[in-house]
Amino acid sequence: MSGFNLQRLGVVMEPEPGNPQETEGVLNPAAVRGPDGELYLFPRLVTRGNYSRIGIARVCFNEAGDPAGVERLGIALEPEADYERRPDGSGGCEDPRVTFVEPLQRYLMTYTALSAHGPRIALALSQDLFHWQRLGLATFGRYDGIDIGSVDNKDASLFPVAVPNPSGQPELAMLHRPLFPGTRPEETASCPTCREVDLDRESIWISYCPMALKGQEGREPYRLGPFNCHHRLATPVSPWERLKIGGGTPPILTRHGWLIVYHGVGEIAEPNNDGYQLCYSAGVMVLSKEHPCVVRYRSAEPVLTPDLPEERHGTVANVVFPTGIDRRDDLGLPNRFDVYYGMADQRIGVARLDVPDVLPTEGVANPPDAKV
């Protein structure tokens, strides 16, 4: 066991019958408290042809304070920019994460923009969660001769406060996962279990940029500078995540440090013993509060695996994919978190995570390149 107690609460959102925007699933939502204190989800809504929009929904709670459903409120973003569309009319705005960045006093959304060049990280800005201004694609400085901005990238999320970069300067930090050629789960599944992990190409990364938003008297859209000071944060180390790891929920501060619930990809045997299927599970990682590039704790075993029928059968089988997290300060429980996750790329589930009083000692905490 990981030492982190996690309890499923059930399905909170599923495709609405007769809604053409949701024919292929609702999944992988951002979760954030609005200025009004309400909890809002930003689910990926998938229509025919894997065409994705980002919706807005208000979470409804039952008398016990548990999430019990949602009220749909419309669309936050749909493919309009060139970097979100393909020449054939397809494209997508996918898998958002939303963070209220305190020094900016703004909500920043990171999401996957799907164009002819492949998936890239895009950014949008809001004051109220209902009106979003696109900031364009995230830009990146080079790392060891690698042009990170030119490769597929997903699973990005931001810290809510400025954190020290490797030089000690406070900056905006992003967790992300470049998808270098040859490292997709479908490609690495054919490799032997004992294969050597390529630290340069199979990692969750942390990168930094100056905090200020740049614009000129309102005549130009705000922009963030390039993300630099790239640091390999975590690589696959356990059997359940052998093929791939990637970011999940945005980092949120706990008594032990910055908590993220991330995803890992492994394999499970086919029912007829004829090969293997990919399996997406979730684990917990805790980063140092003072130096987030240092991993303090990482669960050796997953905290959530595809067990329910809704998690094992759907658009993509055997998937739990955490993307949203809500600290239950509204219940007076700052050490309790609700984790929102995609279920088999079809529905949205929620599970409750209780943070232990003492950080467990059995976890794996071996960052590939800690220099602090």
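The values are calculated or read from the model by the stated rules, or taken from the named source; none is laboratory data. Remember, it's a predicted structure, so these values are computed and weren't measured experimentally. Neighbour counts are summed over all protein chains in view; Cβ atoms, including those assigned to glycine, are modelled from backbone coordinates with ideal geometry. Surface accessibility is based on the protein's heavy atoms, side chains included, excluding ligands, DNA and RNA. Shrake-Rupley method; radii C 1.70, N 1.55, O 1.52, S 1.80 Å.
Here's how it looks for LEU287: its modeled amide H is under 5 Å from those of TRP258, LEU259, ILE260, ARG296, which are all 5 or more places away or on a different chain.
Once the chain from ARG255 to ASN62 is taken as fully extended at 0.36 nm per residue, the excess over their C-alpha distance is 66.7 nm. Using C-alpha pairs under 8 Å with a sequence gap of at least 6, the mean separation divided by the residue count of the chain gives a relative contact order of 17 percent.
Across the stretch 301-309, computed HN-Hα scalar couplings (Karplus, 6.51 cos²θ - 1.76 cosθ + 1.60, θ = phi - 60°) run 10, x, 8, 8, 10, x, 10, 6, x Hz from first to last residue, x flagging Gly and Pro. Return the single residue from CYS209, CYS293, CYS60 with maximal mean-square fluctuation; model: Gaussian network over the chain, springs between Cα atoms under 10 Å. Most flexible of the set in this elastic network: CYS60.
Residue separation of SER90 and GLU102 scaled by 0.36 nm, minus their Cα-Cα distance, works out to 0.8 nm of gained length. DSSP finds beta bridges in the chain, and of those with both partners inside it, around 95 percent are antiparallel.
Once the 1.4 Å probe is applied to the protein heavy atoms, the chain comes out at 42 Å² accessible per residue. Measuring only protein heavy atoms, the 1.4 Å probe finds ILE75 accessible over about 60 Å². Residue ranking by accessible heavy-atom surface, 1.4 Å probe, largest first, among ARG48, ARG232 comes out as ARG48, ARG232. Taking all protein chains together, TYR297, TYR280 sort by accessible area into TYR280, TYR297, largest first [probe 1.4 Å].
A simple rule links phi to the HN-Hα coupling: the Karplus curve 6.51 cos²θ - 1.76 cosθ + 1.60 with θ = phi - 60°, which for the stretch 250-265 gives x, x, 9, 7, 10, 4, 9, x, 7, 9, 10, 10, 10, 10, x, 10 Hz, with x for Gly and Pro.
Within the full protein context, the accessible area of HIS117 is estimated at about 140 Å² for a probe radius of 1.4 Å. In this structure ASP329 has an accessible area near 80 Å², from a 1.4 Å probe over the protein heavy atoms. Over the chain, DSSP H runs of length four or greater, each weighted -39,500 (n - 2.57), average out per residue to a 222 nm ellipticity of -500 deg cm²/dmol. Taking amide H positions as modeled 1.01 Å from N, with prolines and chain starts lacking one, the residues under 5 Å from ASN165 and 5 or more places away or on another chain are GLU171. Annotation: amide H-H contacts under 5 Å for LEU179 (H modelled 1.01 Å from N, sequence separation of 5 or more, or interchain): ASP152, ASN153, LYS154.
Using a probe radius of 1.4 angstrom, the carbon and sulfur fraction of the accessible surface of the stretch 1-140 is 46%. Placing +1 on the Cβ of every Lys and Arg and -1 on the Cβ of every Asp and Glu, with no other charges, gives the chain a dipole of roughly 760 debye about its Cα centre.
Couplings 3J(HN,Hα) for the stretch 276-283, derived from phi with the Karplus relation 6.51 cos²θ - 1.76 cosθ + 1.60 (θ = phi - 60°), are 10, 10, 6, 9, 9, 10, 10, x Hz, where x marks Gly and Pro.
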